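Asker: Dropping a structure here in structure tokens format, bear with me for questions.
The values are calculated or read from the model by the stated rules, or taken from the named source; none is laboratory data. Nothing here was measured: the structure is a model prediction, and the numbers come from that model. Glycine gets a Cβ as well: all are built from the backbone with ideal geometry, and neighbour counts include every protein chain shown.
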Amino acid sequence: MKVLLKRLALDLLDLIFPPREVCPFCGCRSPEGKVCGACHRRMRSYLKEPHCLICGRFFNGGGDTLCRDCRESSRPFKLVRAAGPYEGIIKEAVRKIKYQNKRWLARNLALYMIAAAGNDSRYNRAGAVVPVPMWPGRQRDRGFNQAELLAGEVACGLGLPIIRPVQKIRETPAQTGLDRAQRLNNLRGTFEVTDKTGVRGKVILLVDDVVTTAATMEAVAAALSQGGASLVLGLAAAAGRTLV
């Protein structure tokens, strides 16, 4: 029994705290648990990939300046940037946070999110960080909101306050497999700013884990704008790919 309890305790510690001497992304041996050279080069290379200058999604095979969605309709946010495409080591890291409770990976992802934001001086105008909220029931089941974990690390790295003025007031069906129009319809009336004093007149840095079609980011940004935010800038750990 003692051996079993010890093993369970060690497994629990591994879920919450990073294993020592291994790269947090690929698991190879790495001094002090730092990101290994290969993963760092991969993450840095993502920052140079062509992407839409508004929604931040990455182009499949070359690219233009704007994706079709952003050319054909206006967005309630000024721009969104992501640390990289939702694939490879970033996808694995996001999934480990969400489904394996490895929350400490949020700090590693946040460093590259901050690097992505650092490529655009408009992020210097941000006055507060806001996480995309989850439905309270789902957050209770999971035990945390991954967007809030990332937002906390980003806020700490940028020296900005994190505020939570937005609530998800309606549970929505899963978005998987839906196109942008369907997602927007699914999210209509879902988010509400409950503390307008915290956002009125401010430039808000809105943080999420993954931007697939940017519909969720769009819905929350619209609520923030209606609540009085002067500008909304988005930042994510990962973004999907799109055709030009």
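Asker: For Lys34, only one of the following conditions fails: (1) crowded, with 16+ Cβ neighbours inside 10 Å; (2) modelled with pLDDT under 95. What is its number?
Answerer: Answer for Lys34: the failing condition is (1).
Asker: Taking the condition over 17 Å from the mean Cα position of the chain (by Cα), closer than 22 Å to Ala82 by Cα and not charged (D, E, K, R), does Ala222 pass?
Answerer: For Ala222, the condition - over 17 Å from the mean Cα position of the chain (by Cα), closer than 22 Å to Ala82 by Cα and not charged (D, E, K, R) - is met.
Asker: Just give me the residues in the range 197-215 being surrounded by fewer than 24 Cβ atoms within 10 Å (Cβ to Cβ) and touching a residue at least 12 places away in the same chain (Cβ under 8 Å), in sequence order.
Answerer: Restricting attention to the range 197-215, the residues satisfying the condition of being surrounded by fewer than 24 Cβ atoms within 10 Å (Cβ to Cβ) are 197-198, 200-203, 210, 212-213, 215.
Once the filter is applied, which keeps residues that are surrounded by fewer than 24 Cβ atoms within 10 Å (Cβ to Cβ) and touching a residue at least 12 places away in the same chain (Cβ under 8 Å), the range 197-215 yields Gly198, Arg200, Gly201, Lys202, Val203, Val210, Thr212, Thr213, Ala215.
Asker: Filter the range 96-130 down to residues that are without any contact (Cβ under 8 Å) to a residue 60 or more places away in the chain and outside any helix (DSSP H, G or I), then give me how many there are.
Answerer: 1
Asker: Residues that are out of contact with any Pro (no Cβ under 6 Å at 6 or more places or on another chain), over 17 Å from Met217 (Cβ atoms), hydrophobic (A, V, I, L, M, F, W, C) and surrounded by fewer than 20 Cβ atoms within 10 Å (Cβ to Cβ): does the range 49-69 have at least one?
Answerer: No; the residues of the range 49-69 include none that is out of contact with any Pro (no Cβ under 6 Å at 6 or more places or on another chain), over 17 Å from Met217 (Cβ atoms), hydrophobic (A, V, I, L, M, F, W, C) and surrounded by fewer than 20 Cβ atoms within 10 Å (Cβ to Cβ).
Asker: It is to be established whether one or more residues within the range 141-154 are free of Cβ contacts under 8 Å to residues at least 24 places away in the same chain, more than 15 Å from the chain's Cα centre (by Cα) and surrounded by fewer than 19 Cβ atoms within 10 Å (Cβ to Cβ).
Answerer: Looking through the range 141-154, at least one residue is free of Cβ contacts under 8 Å to residues at least 24 places away in the same chain, more than 15 Å from the chain's Cα centre (by Cα) and surrounded by fewer than 19 Cβ atoms within 10 Å (Cβ to Cβ).
Asker: Considering each residue of the range 27-69, count those that are part of a strand (DSSP E or B) and farther than 18 Å from Thr212 by Cβ, and give that number. Walk me through how you get there before you give the answer.
Answerer: Taking the range 27-69 first, the residues part of a strand (DSSP E or B) are 29, 51, 58-59.
Among the residues that remain, those that are also farther than 18 Å from Thr212 by Cβ are: 29.
Of the residues in that region, 1 qualify.
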